[in-house]
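Engineer: Could you have a look at this structure, given as structure tokens, before my questions?
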Amino acid sequence: MGKFLAGVVIGICVPLVAGYLFVILGGMPVATKGVPLPLERSLARKALHAAMDKEVGKPSPLPADDSNFLAGARVYQAQCAVCHGQVGQPESAIAKGMFPHPPQLLPPKKGVTDDEVGGTYWKVKNGIRLTGMPGYSDSLTDSEMWQVSLLLLHADKLPASVQQILRK
């Protein structure tokens, strides 16, 4: 019994010590050009979806109309474009240097037009840890967060007046 217990303790401690040494000896990729660890993307994606599940299906309290698209475009230009791109513009130096790479959200890229608006709202409101995506709950109003979420949901079919703002 004593050998069995010692084996269990060693079996638990060795991986923990190895992991600790891996981190403190510089094995953990921390640079933006570092390759993700095995399972890192999968675990991060699963954790994100588990956190968002309650709000993903939440409908917008605002209508998907031109006035909300225009307001959302102004928010997008001021807060989002530097990382997530502008219509017809090349990717910014900031976006190129980030890890994980921020998705380009406006056409011709696919963006998040197939995501539920509640999921986009959750990301805007809360941000995504360790990605560079900030949460805007302390700097934007609830209406502004919904407006930019509606804009992104309909990014592939926006009126010309809204597209013009997104090109500036």
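Engineer: Please work out which option in (1) 41, 19, 12; (2) 24, 19, 18; (3) 23, 20, 14 gives semi-axes √(5λ) of the Cα gyration tensor in Å calculated from these coordinates, and answer with its label.
Structural biologist: Matching entry in (1) 41, 19, 12; (2) 24, 19, 18; (3) 23, 20, 14: (1).
Engineer: Once you've got the GNM for the chain with C-alpha springs shorter than 10 Å, pick whichever of L130, L153, L39 has the biggest mean-square fluctuation.
Structural biologist: Among L130, L153, L39, the largest GNM mean-square fluctuation belongs to L39.
Engineer: For the chain, modelled as a GNM with alpha-carbon contacts under 10 angstrom, which of G19, G135, G111 fluctuates the most?
Structural biologist: Residue with maximal mean-square fluctuation among G19, G135, G111: G19.
Engineer: Sorting M52, M28 on the 10 Å Cβ count, fewest up front, what's the list?
Structural biologist: Working: M52 18, M28 11.
Listing M52, M28 from fewest to most nearby Cβ atoms yields M28, M52.
Engineer: Need the full-extension length gain, D142 to Q164, defined as separation in residues times 0.36 nm minus the C-alpha distance. One decimal, nm.
Structural biologist: 5.5 nm
Engineer: First select every other residue whose beta carbon is under 13 angstrom from the beta carbon of L153; then total the charges, Lys and Arg +1, Asp and Glu -1.
Structural biologist: Taking every other residue near L153 into account, the sum is -1.
Engineer: If the only charges are +1 at each Lys and Arg Cβ and -1 at each Asp and Glu Cβ, what is the size of the charge dipole of the chain around the Cα centre, to the nearest 20 debye?
Structural biologist: Rounded to the nearest 20 debye, it is 540 debye.
Engineer: Positive end of the dipole of the chain, charges at C-beta (+1 Lys, Arg; -1 Asp, Glu), about the Cα centre: which of P36, L5, H84 has its Cα farthest in that direction?
Structural biologist: Of P36, L5, H84, it is L5.
Engineer: Given the options V87, V14, V35, which has the most mean-square fluctuation in a GNM of the chain, springs set between C-alpha atoms less than 10 angstrom apart?
Structural biologist: Highest fluctuation of the listed residues: V14.
Engineer: Note down the relative contact order for the stretch 95-149 as a percent, whole number, built from C-alpha pairs under 8 angstrom at least six residues apart.
Structural biologist: Relative CO of the stretch 95-149 lands at 28 percent.
Engineer: Going by C-beta contacts inside 10 Å, put Y136, Y121, Y76 in order with the fewest on the left.
Structural biologist: Ranking Y136, Y121, Y76 by Cβ neighbours within 10 Å, fewest first, gives Y136, Y76, Y121.
Engineer: Please arrange M1, M145 by how many other C-beta atoms lie within 10 Å of their C-beta, fewest to most.
Structural biologist: Details: M1 5, M145 25.
With the fewest neighbours first, M1, M145 line up as M1, M145.
Engineer: With r as the distance between the Cβ atoms of I94 and V30 and R0 = 25 Å, compute the FRET efficiency 1/(1 + (r/R0)^6) and round to 0.05.
Structural biologist: On the way: r = 18 Å, r/R0 = 0.73.
That pair, V30 with I94, gives E of 0.85.
Engineer: Another question about this same structure. Please report the relative contact order for the chain, taking Cα pairs under 8 Å with a sequence separation of at least 6, and give it as a percent rounded to a whole number.
Structural biologist: 27
Quick note: the coordinates plus some simple rules give every number you see, no bench work behind them. Just so you know, these numbers come straight off a predicted model, no measurement behind them. Positions of Cβ are backbone-derived with ideal geometry, glycine not excepted, and every protein chain shown enters the neighbour counts.
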